[in-house]
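Chemist: Take a look at the following structure, please.
The values are calculated or read from the model by the stated rules, or taken from the named source; none is laboratory data. Keep in mind it's a predicted model, so treat the numbers as computed, not measured. Ideal geometry is used to build each Cβ from the backbone, glycine not excepted, and the neighbour counts take in all protein chains shown.
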Amino acid sequence: MVILISLLLFAIFLALSAIHVYWLLGGKWGLAASVPTHAEGQPLFRPGPVAMLVVAGGLLLMGLAMLVRGGLIQIDWLPDRVGEWSVWAIAAIFLLRAMGDFRYVGFFKKEKGSLFARMDTKYFSPLCLLIGCLALLLLLIA
């Protein structure tokens, strides 16, 4: 079970990282729905190449943390506590993201009419909740 959860989380993070690299390289699929917007349709922010690269790298590192926690890879110089704390932090980040900011993102958002908001309700927030719960489960059983 530990191996399955670790591999599933790694696959999710790898896919999310790959999407960000795709956008970094100029891809357009899904980009319009990836950023929260104001009610009038203006994006709240416009991520640049550096931001996309940082997010892609961070997601890949999160996936590797799941493999470490699941015992599938070992990093001898990394204390066990750091790996455990990393997974706790990842779980918290994604559970808080699922809950949202109560305005533009998450299950409790007020702005619900934009393309991002609809995608967030259907896909992004449930995925964040899944990641957070699976990370917590991995912490409990590994």
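Chemist: Mind listing whichever residues of region 84-109 are closer than 17 Å to Leu44 by Cβ, in contact with a Phe, Trp or Tyr (Cβ under 7 Å, 6 or more places away or on another chain) and either buried (at least 20 other Cβ atoms within 10 Å of the Cβ) or charged (D, E, K, R) (or both)?
Modeler: Within region 84-109, Lys109 is the sole residue that qualifies.
Chemist: Looking only at region 49-97, which residues are in contact with a Gly (Cβ under 9 Å, 6 or more places away or on another chain) and within 27 Å of Leu31 (Cα to Cα)?
Modeler: Selection gives Ala65, Ile90, Ala91, Ala92, Ile93, Phe94, Leu95, Leu96, Arg97.
Chemist: Run Ile141 past the list (1) closer than 28 Å to Leu4 by Cα; (2) surrounded by 14 or more Cβ atoms within 10 Å (Cβ to Cβ) and report the number of the one that doesn't hold.
Modeler: Ile141 satisfies every listed condition except (2).
Chemist: Further question: If I ask for residues that are of a type in the set (A, V, I, L, M) and in contact (Cβ under 8 Å) with a residue 12 or more places away in the chain, which ones from region 27-62 would you list?
Modeler: Ala32, Ala33, Val35, Ala39, Leu44, Met52, Leu53, Val55, Ala56, Leu59, Leu60, Met62
Chemist: Right, here's the next one. Output yes when any residue across region 101-120 is closer than 28 Å to Ile3 by Cα and not acidic (Asp, Glu), and no when none is.
Modeler: There is no residue in region 101-120 that is closer than 28 Å to Ile3 by Cα and not acidic (Asp, Glu).
Chemist: Moving on to the next point. Could you list all residues from region 19-33 that are surrounded by 13 or more Cβ atoms within 10 Å (Cβ to Cβ) and at pLDDT 95 or above?
Modeler: Ile19, His20, Val21, Tyr22, Trp23, Leu24
Chemist: Those residues that are surrounded by fewer than 20 Cβ atoms within 10 Å (Cβ to Cβ), over 20 Å from Trp29 (Cα atoms) and in contact (Cβ under 8 Å) with a residue 12 or more places away in the chain, I need them from region 110-129; list them, please.
Modeler: Glu111, Gly113, Pro126, Leu129 - these are the residues of region 110-129 that are surrounded by fewer than 20 Cβ atoms within 10 Å (Cβ to Cβ), over 20 Å from Trp29 (Cα atoms) and in contact (Cβ under 8 Å) with a residue 12 or more places away in the chain.
Chemist: Here is a further query. Grab the helices (runs of 4 or more DSSP H) fully contained in region 1-119, keeping just those with 1 or more residues being closer than 17 Å to Leu136 by Cβ and under 14 Å from the mean Cα position of the chain (by Cα).
Modeler: 2-24, 49-69, 80-99
Chemist: Also: Please tell me if Gly48 is surrounded by fewer than 13 Cβ atoms within 10 Å (Cβ to Cβ), small (Gly, Ala, Ser) and over 27 Å from Asp120 (Cα atoms).
Modeler: no
Chemist: Mind telling me which of the residues Ile90, Ile73 ends up being closer than 30 Å to Val2 by Cβ and touching a residue at least 40 places away in the same chain (Cβ under 8 Å)?
Modeler: Ile90
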